[in-house]
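What follows is a set of notes on a single structure, which appears directly below.
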Amino acid sequence: MNIVSDITELRQQINEWRKQGLKIAFVPTMGNLHAGHISLVAEAHKHADRIVASIFVNPMQFGANEDIGNYPRTMEDDKQKLVNAKTDLLFTPTPEIIYPKGLDKQTYVEVPNVSDGYCGESRPGHFRGVSTIVCKLFNLVQPDIACFGLKDYQQVQVIQTMVEDLSLPIEIIPVATMREESGLAMSSRNNYLSTDEKNVAAHLHKALSWLAEQLLINKDYNALTETAIKTINAAGMRADYIHICHARTLNPATIDDTEIVILAAAHCGKARLIDNIQVNL
Ligand code: PAF
C-alpha cells in the first residue's frame, strides 16, 4: 500500500491509474478503523480496480463543545488493517494541507434540508464540515465510486444530495451497518464505552427493532416514538432523539409513506451513539 500525505503525490498516482483506464473507488475515514470500515473497503473491491482510502480527523465537522483532541487515533493499526484489506493507496493529509488558510477562511459546502434536523440540529455545523471535506476529498481523489456506511444514515443522504446537486460524476455506494453480536452498531465511539455501558448501548438497536416491528401494525408514530425513548432512557441511556422519517428526504414520515427510516441518537456514558433502521411498509 502506497501512503501519501501530499496532494501532488496523490494526484500523480491517480493520474497514472486514470491513464491506464482503471476504475477507482474511494473510502474516506477518520481512522480508528473497525470491521465496519473494512467492510467498506471489501465493498469497494467489488466495484473498482484500485482502492483509495483516506484517514483525516476533520476539524470542520467537530463542534466547539466536542473534543477533537480526544478522538481516538490509531494510525499504525489502521495502516495494517488497510494493507490486509488490500487497499492500494492511503491518503493521510494534515489539517494544514487540507485547510491551509485556516477553518475561518475556508470555502464551504452546505447541503440544505437533509442537513438541518436530527444530528444537524444536535450538532450545529457538523454536516457543513462533512460535506465540505467530502467534496474536497472527492476533488482530490476523483473516484468513480465512493463507499459510505449506513450507520451514518443522515450523512449518506447529505452526501448523496451534494453529489446530485453539484453534478459530481461519482456513484455513492451505501454499505449496511456492521453490528456486534448484541446488535450494537460498530463505531469508533464505542471505544469510549465500558463493558457494562456496551450492554446498555445494545438497547438502542433493540428499541429501534421493536419500533420497526410496531410500524407494521401501528400508525401512531408519536406514541411509538415516546415509548421507544422511555425504553432507551430506562435502560440507562439519555435519548437525544428518535424520529420516524421518509427514507430519502428525511422529512417526518406521513402515514402514507412506505420507505421509512427510523433515526436515533442517544448518550451512553461519555459517548453519543447514533443508529437507524430502515423499514419498507
Ligand atoms: O464518516 C466519517 O468518518 C466522516 O464523517 C467522513 C465521511 C470520513 C468525513 O470526515
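The values are calculated or read from the model by the stated rules, or taken from the named source; none is laboratory data. This structure is a prediction, so every number in the text was calculated from the model and none was measured. Every residue, glycine among them, receives a Cβ derived from its backbone with ideal geometry; neighbour counts consider all protein chains shown. Quick note on the areas: whole protein, heavy atoms, side chains included, nothing else; ligands and nucleic acids left out. Shrake-Rupley method; radii C 1.70, N 1.55, O 1.52, S 1.80 Å.
For segment 18-72, which positions are among the charged types (D, E, K, R) and under 17 Å from ILE3 (Cα atoms)?
Of everything in segment 18-72, just one residue is among the charged types (D, E, K, R) and under 17 Å from ILE3 (Cα atoms), namely ARG50.
For segment 146-159, does any single residue satisfy the condition of being more than 30 Å from ALA207 (Cβ to Cβ) and within 11 Å of the ligand (Cβ to nearest atom)? Among the residues of segment 146-159, at least one is more than 30 Å from ALA207 (Cβ to Cβ) and within 11 Å of the ligand (Cβ to nearest atom), which makes the answer yes.
Kindly indicate the residue of segment 224-275 that is in a loop (DSSP other than H, G, I, E, B) and among the charged types (D, E, K, R) and also nearest to TYR153 (Cα to Cα) among those meeting that condition. Only one residue tops the list, namely ARG248.
On the stretch given as segment 185-219, residues that are closer than 11 Å to ILE244 by Cα and touching a helix residue (DSSP H, G or I) at 6+ places or on another chain (Cβ under 9 Å) total 3.
Entry remark, segment 56-89: residues being open to solvent by less than 30 Å² (accessible area, probe 1.4 Å), of a type in the set (A, V, I, L, M, F, W, C) and more than 17 Å from VAL134 (Cβ to Cβ) number 3 in total. Here ILE217 meets each of (1) under 20 Å from GLN278 (Cβ atoms); (2) outside any loop (DSSP other than H, G, I, E, B) with one exception, condition (2).
Can you go through LEU184, LEU166 and tell me which one is modelled with pLDDT of 95 or more and surrounded by 19 or more Cβ atoms within 10 Å (Cβ to Cβ)? Exactly one residue qualifies, and that residue is LEU184. Scan LEU193, LEU204 and give me the residue that is away from the ligand (no atom under 16 Å from the Cβ) and either more than 18 Å from the chain's Cα centre (by Cα) or open to solvent by 10 Å² or more (accessible area, probe 1.4 Å) (or both). It is LEU193.
Within segment 134-142, identify whether any single residue is more than 16 Å from the ligand (Cβ to nearest atom) and surrounded by 20 or more Cβ atoms within 10 Å (Cβ to Cβ), and answer yes or no. Scanning segment 134-142, I find no residue that is more than 16 Å from the ligand (Cβ to nearest atom) and surrounded by 20 or more Cβ atoms within 10 Å (Cβ to Cβ), so the answer is no. Restricting attention to segment 236-259, the residues that are in contact with a His (Cβ under 7 Å, 6 or more places away or on another chain) and either under 17 Å from ASN218 (Cα atoms) or polar (S, T, N, Q) (or both) total 4. Total residues in segment 243-281 satisfying the condition of being farther than 20 Å from LEU193 by Cβ, open to solvent by less than 20 Å² (accessible area, probe 1.4 Å) and either aliphatic (A, V, I, L, M) or touching a Phe, Trp or Tyr at 6+ places or on another chain (Cβ under 6 Å) (or both): the figure is 9.
Conditions (1) without any contact (Cβ under 8 Å) to a residue 40 or more places away in the chain; (2) within 20 Å of the chain's Cα centre (by Cα), marked per residue:
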| site | (1), (2) |
| --- | --- |
| ASP6 | no, no |
| GLN12 | yes, no |
| LYS79 | no, yes |
| LEU82 | no, yes |
